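Visitor: Mind looking over this structure? Questions follow.
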Amino acid sequence: MFTLAEQAATMSPIFMLALWALVIGGMWFMLIRPQRKEQKRIQAMVADMAVGDTVLTTSGFYGVIIDITDEDVIVEFGSNKNCRIPMQKAAIAQVEKASKE
């Protein structure tokens with residue numbers, strides 16, 4: 001009978017290469033692919049924002065977008081029209097489109 005060390009020493013290089021390819025492929029499907037998919041979803045959400053949309057910030061505040069620039073948005077919070085805060089687009093966690101009535 002072979003011991004575990006002897007079996008590892010007699011494995012063919014092609015088998016070892018295939019095993020490493022399987023491990024790397026599995027890691028890609030479990031870690032990298034879902035992260036890239038989420039990044040694409042967030043980029044699409046940020047690119048599709050418009051004035052009047054209701055947003056949820058990463059800090060948990062709901063507000064309405066009143067102005068958009070290339071990298072920033074100005075969000076109005078609450079019913080007080082004086083509470084307007086400029087923030088980066090990256091601080092937006094969720095967007096709800098304004099209803100067209």
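Visitor: What pairs come out if I take residues in the stretch 65-84 that are without any contact (Cβ under 8 Å) to a residue 12 or more places away in the chain and pair them with residues that are surrounded by 10 or more Cβ atoms within 10 Å (Cβ to Cβ) whose C-beta lies under 7 Å away, six or more apart or interchain?
Guide: Here the result reads Cys83/Glu76; Cys83/Phe77, each pair linking the stretch 65-84 to a residue that is surrounded by 10 or more Cβ atoms within 10 Å (Cβ to Cβ).
Visitor: May I ask you to say which residue of Ile74, Ile66, Ile42 is hydrophobic (A, V, I, L, M, F, W, C), out of contact with any Cys (no Cβ under 9 Å at 6 or more places or on another chain) and either assigned to a loop (DSSP other than H, G, I, E, B) or more than 15 Å from Glu96 (Cα to Cα) (or both)?
Guide: Ile74
Visitor: If you check Val23 against the conditions, is it of a type outside the set (Gly, Ala, Ser) and touching a Lys or Arg at 6+ places or on another chain (Cβ under 9 Å)?
Guide: Working: of a type outside the set (Gly, Ala, Ser): yes; touching a Lys or Arg at 6+ places or on another chain (Cβ under 9 Å): no.
For Val23, the condition - of a type outside the set (Gly, Ala, Ser) and touching a Lys or Arg at 6+ places or on another chain (Cβ under 9 Å) - is not met.
Each reported figure results from applying straightforward, stated rules to the coordinates on display, with no laboratory input. No experiment lies behind these values; they were computed from the predicted model shown. Virtual Cβ from ideal backbone geometry, glycine too; neighbours counted across all protein chains shown.
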